[in-house]
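Participant: What follows is a single structure, and I will ask about it in a moment.
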Amino acid sequence: MDNELTLDDLPDNVFVALGRRGMEGIPLKECTYACDGKELTLISVKKEPPRIKGKSLEVVVEYWLVKCNKCHRQFTIRQRVRYVDGKRYDTMVSIIDDKGNDLGWLGSY
Ligand SMILES: [Zn+2]
């Protein structure tokens, strides 16, 4: 776990392409359940692999375990980050609920 990370290290919105209508922003830091909670607490972050080597294309999967401050249920923000030559190239975000079900792709940034 990387103790230096906070929720501020995640963007407020991720984006879904709408074809010619451009991109729609979806708030990332909201409860994934039906409670409408808009504040989350970060519990832990796990990265696989934990470090990149900085060479050509690398993929890191990050698991951000969070808890809703309103309904107190946990879920995981999973990010599949592609790095090219050590720089973040793109990130695909999906959500996993507290029972381990993959709720699907949310968006990218
Ligand atoms: Zn909630």
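FYI, it's all coordinate maths here, none of it is from the lab. Worth saying up front: this structure is predicted, and the values here are computed from it rather than measured. Counting neighbours? That spans all protein chains shown, and the Cβs are built from the backbone with ideal geometry, glycine included.
Participant: Any chance the stretch 86-100 includes a residue that's assigned to a strand (DSSP E or B) and under 18 Å from Lys38 (Cβ atoms)?
Facilitator: Yes; the residues of the stretch 86-100 include at least one that is assigned to a strand (DSSP E or B) and under 18 Å from Lys38 (Cβ atoms).
Participant: Still on this structure, please answer the following. What is the residue count in the stretch 77-93 for residues that are surrounded by 15 or more Cβ atoms within 10 Å (Cβ to Cβ) and away from the ligand (no atom under 14 Å from the Cβ)?
Facilitator: 8
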